[in-house]
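Worksheet: the structure to be examined is printed underneath.
The values are calculated or read from the model by the stated rules, or taken from the named source; none is laboratory data. All values derive from a computational prediction rather than experimental measurement. Don't worry about glycine lacking a Cβ; one is built from the backbone with ideal geometry, like all the others, and counts go over all protein chains shown. Protein only, heavy atoms only, side chains kept; ligands, DNA and RNA dropped before computing areas. Shrake-Rupley method; radii C 1.70, N 1.55, O 1.52, S 1.80 Å.
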Amino acid sequence: MGLCNRVTGLCECRTGFEGVACERQSCPSQCYGVGECQSMHYFALSKDSGTGDVYKYESQWDAHKIYGCNCDSQYHGTDCSLRYCPKGDDPLTGTTEISATNPLQFNEIQVVTCRADGGTFTLTFRGKTTERIPFNAKTSELQSYIEALPTLGPGTTKIITSGGQACVDNKDGTTWTVEFLQDFGSLPLLVPDMRNLLYANALAGKLLTVAKQVDGTKENLDCSNRGICDTSNGVCSCSADFDTSNGYNAEGTRGDCGFATQSIQYCPGEITCSAHGACQNTPTYQCVCSDGWAGADCSERLCPSGLNWFTLPESDNVAHISTYSECSNAGVCDRSTGTCVCNTGFTGSSCNRLACPGESSLTEACGGHGQCLDMSSLAALSTVNGVLAGYSYGNIPNNPITWDATRVYGCLCDPQYTGYDCSLLTCPYGDDPDTLGQSDEQQIVSCTFVGGVDAQVVLKFREQLTASLSPLSTTAQVKAALESLSSITEVTVDIYKANGLDRLCTADGNQFLVTFLTEHGDLPDIQYVTQGITQFDTKEYIKGNKENIECSGRGLCDHTIGECACFTGFGSSDGKSGSGTKRDCGFLEPIASMSG
């Protein structure tokens, strides 16, 4: 995800990536200073245990590579640029004309059980922890400790104790309840910490648990679903005849549009539900928005959703499989158009894939010198020593190891181009002329043909195919066929057996010896496709061990022009250690003699 500056030895990263090796994503806009830039691994550990199990995320490839913003409590969005508006209960639901479609609603009530005869404990709610609470704290004291939390506040709870204090020393302990008066909906559990509690009866042991007695069923919606949230400042614009409430359909200071100032007999919108939904009429007068629309009055567009890029794991080391968000949590929704404004480096209607370098409406991906392909396609096209490797990636649906198969894209550069963005030119490769005693690759081609019609052989080397050869092809014809391939420059083809014929195939079997003069190193076997041939085979005879390195190891490559700057005493070769035009620094120049 970057290029190496050969002068400084430092990586120059693609926009949106950072680290000494450009190995991880940058957080968008540094979370605008109202969030923490975290890895998937660390984000998983930061989950509020009161909301459910905390799963680890450490063994997948992206655990320390994908980073995102963990926003402060009043902010949200992929870059923490959006402000939350006050949330509240819809004042027209669950209050009158109770029915199956409009059930009675309840506040959340949690029950605490404690058995101890000394020490202290704490409770944590939405990431904030109380001061140490004495085991014998009275009801009013418990309320003071809990409401001192910045995630709650004064007047937000009702506490009822059965034993008059937080903990008792009998075998069943004591229970007390916390009703949440200003936090609506299904809430995370209070998280208890009893490490500092004491209990003399070691057999029974100390006890501190929290469970739900009543799961909150009131809505907890932006602007109480009776107004539109301005996410630029976190202020609700209430629908007509609604105003800020006390949480119970009366005037108050919550800022949530949860107070109906008069009897409501209509749905919101200049036109009912902005002509993008249906009015439910009495008693709730809620808009049911059409697909693609949202908001109390159905005036806001929804954006396409996709699997989250930055997300909490769904179980240990499993993520990106089933959790969806608008713009895939890699962009911000433009509510006026219903289109995603993607973070730098992301693209797609839902910001669902990584863009290739240079990919935009104005410029061509990969600099016009390569193909922009997903990981699955790149795997299928991967080669080893010039031969397709037969790899696959992401063929198993919902595999947490290969979740990125059709989401992460990269460049497959054209020949002679390289770099993550295909912006660099390759230089010639060759054999180091200063290393001696090395061998060219040699392979034996064996063919038996006892007769028939339409018999033919097609040779294949590094995914290049020759024209069809007849069983009667001579060494010269096989040489010409091989040298017609872009993957071979020069070979010799000789009759291998002393009494062999200059014919590719014979009835009792014939063999040709192919010597690679300009392709160096241990080469892949020549492959073949035959028709009507009795038997055909290729095998390595001598393994090539000459180097095949950039500028033959005797010069430096200037990737801006694709040319080698040869060290003194080395020049352009013919690929066979002689002088030539390859410009590969593979020719050891003769030392001029000195004459007196």
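In region 368-384, how many residues are open to solvent by 70 Å² or more (accessible area, probe 1.4 Å) and either at positive phi or assigned to a loop (DSSP other than H, G, I, E, B) (or both)?
1
Would you please list the contacts, defined by Cβ atoms under 7 Å and residues six or more apart or on different chains, that run from a residue in region 253-282 that is among the aliphatic types (A, V, I, L, M) to a residue that is assigned to a loop (DSSP other than H, G, I, E, B)?
Pairs found: Ala260/Pro91; Ala260/Leu92; Ala260/Asp241; Ala260/Asn249; Ile264/Leu92; Ile264/Asp241; Ile264/Tyr285.
Exactly one of (1) under 18 Å from Thr161 (Cβ atoms); (2) assigned to a loop (DSSP other than H, G, I, E, B) is unmet by Val111. Its number?
Here Val111 meets the rest and fails (2).
Can you tell me which residues in region 390-401 are surrounded by 12 or more Cβ atoms within 10 Å (Cβ to Cβ) and of a type in the set (Gly, Ala, Ser)? Spell out how you get there, then give the answer.
From region 390-401, those surrounded by 12 or more Cβ atoms within 10 Å (Cβ to Cβ) are 391-394, 399-401; that's our starting set.
Of everything in region 390-401, those that are surrounded by 12 or more Cβ atoms within 10 Å (Cβ to Cβ) and of a type in the set (Gly, Ala, Ser) turn out to be Ser392, Gly394.
Mind checking which residues of region 406-420 are open to solvent by 30 Å² or more (accessible area, probe 1.4 Å) and not in a strand (DSSP E or B)?
Across region 406-420, the qualifying residues are Thr406, Asp414, Pro415, Gln416, Tyr420.
So the check is Cβ under 9 Å with 6+ separation or different chains; which pairs have a first residue in region 75-92 that's in contact (Cβ under 8 Å) with a residue 40 or more places away in the chain and a second one that's open to solvent by less than 50 Å² (accessible area, probe 1.4 Å) and basic (Lys, Arg)?
Final answer for the pair search is Gly88/Lys218; Gly88/Arg226; Asp89/Lys218; Asp90/Lys218; Asp90/Arg226; Pro91/Arg226; Leu92/Arg226.
How many residues, within region 120-131, are surrounded by fewer than 17 Cβ atoms within 10 Å (Cβ to Cβ) and part of a strand (DSSP E or B)?
Of the residues in region 120-131, 2 are surrounded by fewer than 17 Cβ atoms within 10 Å (Cβ to Cβ) and part of a strand (DSSP E or B).
Scan region 268-302 for residues that are within 38 Å of the chain's Cα centre (by Cα) and of a type in the set (Asp, Glu) and jot them down.
Asp291, Asp297, Glu300
Of the residues that sit in region 273-310 and are of a type in the set (Ser, Thr, Tyr) and in contact with a Phe, Trp or Tyr (Cβ under 7 Å, 6 or more places away or on another chain), which one is surrounded by the fewest Cβ atoms within 10 Å (Cβ to Cβ)? Break it down into steps so the answer makes sense when it comes.
So in region 273-310, the residues of a type in the set (Ser, Thr, Tyr) come out as 274, 282, 284-285, 290, 299, 305.
Retained after the next criterion (residues that are in contact with a Phe, Trp or Tyr (Cβ under 7 Å, 6 or more places away or on another chain)): 285, 305.
Working: Tyr285: 19, Ser305: 17.
My answer is Ser305.
Anything in region 561-594 that is assigned to a loop (DSSP other than H, G, I, E, B) and acidic (Asp, Glu)? List them, or say none.
Asp574, Asp584, Glu589
Test Ile159 against the stated conditions and say whether it is within 25 Å of Asp89 (Cβ to Cβ), in contact with a strand residue (DSSP E or B) (Cβ under 7 Å, 6 or more places away or on another chain) and either assigned to a strand (DSSP E or B) or open to solvent by 30 Å² or more (accessible area, probe 1.4 Å) (or both).
Yes.
Identify, by number, the condition in (1) closer than 25 Å to Thr347 by Cβ; (2) under 20 Å from the mean Cα position of the chain (by Cα) that Ile396 doesn't meet.
Against the list (1) closer than 25 Å to Thr347 by Cβ; (2) under 20 Å from the mean Cα position of the chain (by Cα), Ile396 comes up short only on (1).
Please go through region 162-196 and pick out each residue that is under 21 Å from Asp222 (Cα atoms), hydrophobic (A, V, I, L, M, F, W, C) and in a loop (DSSP other than H, G, I, E, B).
Keep residues of region 162-196 that are under 21 Å from Asp222 (Cα atoms), which gives 180-188.
With hydrophobic (A, V, I, L, M, F, W, C) added as a condition, the list becomes 180-181, 184, 187.
Scanning region 162-196 gives Leu181, Phe184, Leu187.
Can you list the strands (runs of 3 or more DSSP E) lying wholly within region 446-560 that have 3 or more residues being open to solvent by less than 70 Å² (accessible area, probe 1.4 Å) and free of Cβ contacts under 8 Å to residues at least 40 places away in the same chain?
Because the criterion is at least 3 residues that are open to solvent by less than 70 Å² (accessible area, probe 1.4 Å) and free of Cβ contacts under 8 Å to residues at least 40 places away in the same chain, the strands (runs of 3 or more DSSP E) in region 446-560 that meet it are 491-495.
When region 214-266 is examined, which residues are found to be over 39 Å from the mean Cα position of the chain (by Cα), β-branched (Val, Ile, Thr) and open to solvent by less than 60 Å² (accessible area, probe 1.4 Å)?
Scanning region 214-266 gives Thr244, Ile264.
Working carefully through the options Pro134, Pro103, find the one that is closer than 16 Å to Leu208 by Cα and either modelled with pLDDT under 95 or open to solvent by 10 Å² or more (accessible area, probe 1.4 Å) (or both). Break it down into steps so the answer makes sense when it comes.
Numbers: Pro103 fails: closer than 16 Å to Leu208 by Cα.
Just one listed residue meets the conditions, Pro134.
Scan Ala467, Ala476, Ala480, Ala405 and give me the residue that is in contact with a Gly (Cβ under 8 Å, 6 or more places away or on another chain), aliphatic (A, V, I, L, M) and modelled with pLDDT of 95 or more.
Just a single option satisfies the conditions, and that option is Ala405.
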